[in-house]
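Since every read-out is calculated from the coordinates, none of them should be taken as a lab result. All figures in this text were calculated on a predicted structure; none of them were measured in a lab. No Cβ is skipped: glycine too gets one built from the backbone with ideal geometry, and neighbour counts run over all protein chains shown.
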Amino acid sequence: MKDSNVTLMNTAASFKSHFFNITLAAALTTGMFFWAFHHASVYADSAAPDAKTLYSRYCSLCHGDQCQGAMGTPLQNMTIDDKAAIEVTQKGDGKQMPAFGQELTVDQITAVIAYVHTFDTKK
């Protein structure tokens, strides 16, 4: 009986040890996952230029720093809808406006157009 009690105690201790190890491993894995996910999104966000930066880089030379126009058309209070603005930005207009479809994604162009709307004087 004494041997069976010792075996039972060893089994219980072994179970507690394994349970603790599994719990610890799960907690560490979960923590590492959330850490990696958080840092990946932080780095991805910080690496992507914002709409203001994109506008400054690709648009301001022709359209002015506040969309007032320079060599190109003023963009304040655009008379075309956003879908048409995306298409013209991607493909150009065949006249003055160059195509930016190779340099900018649709999401980036959409963000720039939303930024341009912040300069609209008629709201």
Given Cβ point charges of +1 (Lys, Arg) and -1 (Asp, Glu) and nothing else, what value in debye, to the nearest 20, does the dipole of region 54-123 about its Cα centre take? 120 debye
Any chance you could run the full-extension gain for T79 through D50? It's 0.36 nm times the residue separation minus the Cα-Cα distance, nm to one decimal. 8.0 nm
Taking 22 Å as R0, compute the FRET efficiency from the Cβ-Cβ separation of D120 and A99 and round it to 0.05. 0.35
Based on C-alpha coordinates, I'd like the Rg and Dmax of region 51-117, in Å. 10.5, 26
